[in-house]
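The values are calculated or read from the model by the stated rules, or taken from the named source; none is laboratory data. All values derive from a computational prediction rather than experimental measurement. No Cβ is skipped: glycine too gets one built from the backbone with ideal geometry, and neighbour counts run over all protein chains shown.
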Amino acid sequence: MMPIDFIDYIKKQKCIVCFRGPCDADHLHQIGMGRDRKKPDLIEHYSCVPLCRTHHIMRHSMTLKDFEDKFDVNVWKENHYYLSTYLKENL
């Protein structure tokens with residue numbers, strides 16, 4: 001089980017804002033410039049939530065707090081739910 005597998009799992013989920021798909025995996029811990037984001041073992045891949053393309057773009061156009069306030073969502077809480085569910089299903 002690799003962190004990149006969690007990305008695939010997240011992309012199959014519904015958007016945490018509008019509950020539609022398809023979804024992007026929005027990294028909460030950003031992958032720094034110059035790093036290979038396709039590298040399968042990056043620990044940052046575990047810090048993702050599913051967002052449709054529209055909400056993913058919105059998320060990056062405002063602060064995290066503003067995004068959470070606007071849509072009444074806690075992205076870290078959502079990440080915890082998806083990560084714990086994923087681990088239960090795959091361990």
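Which residues, counting only those in the stretch 38-56, are hydrophobic (A, V, I, L, M, F, W, C) and within 16 Å of LYS14 (Cα to Cα)? Walk me through how you get there before you give the answer.
First, pick out the residues of the stretch 38-56 that are hydrophobic (A, V, I, L, M, F, W, C): 42-43, 48-49, 51-52.
Selection gives CYS48, VAL49, LEU51, CYS52.
Kindly provide the set of residues from the stretch 63-91 that are of a type outside the set (S, T, N, Q), more than 16 Å from GLN13 (Cβ to Cβ), more than 14 Å from the chain's Cα centre (by Cα) and modelled with pLDDT under 95, ordered by number.
Within the stretch 63-91, LEU91 is the sole residue that qualifies.
Identify the residue in the stretch 17-34 that is surrounded by 14 or more Cβ atoms within 10 Å (Cβ to Cβ) and not charged (D, E, K, R) and, among all such residues, is modelled with the lowest pLDDT.
ILE31
Within the stretch 1-16, restricting attention to residues that are touching a Cys at 6+ places or on another chain (Cβ under 8 Å) and modelled with pLDDT under 95, which residue is farthest from ASN90 (Cα to Cα)?
Here the answer is ILE7.
Identify the residue in the stretch 42-91 that is part of a strand (DSSP E or B) and of a type outside the set (Val, Ile, Thr) and, among all such residues, is surrounded by the most Cβ atoms within 10 Å (Cβ to Cβ).
Step one: of the stretch 42-91, the residues part of a strand (DSSP E or B) are 48-51.
Still in the list and also of a type outside the set (Val, Ile, Thr): 48, 50-51.
On the way: CYS48: 26, PRO50: 25, LEU51: 28.
In this case the residue turns out to be LEU51.
Pairs under 8 Å by beta carbon, first residue within 13 Å of VAL49 (Cα to Cα) in the stretch 60-84, partner acidic (Asp, Glu) and at pLDDT 95 or above, six or more apart or different chains?
ASN74/GLU68; VAL75/GLU68
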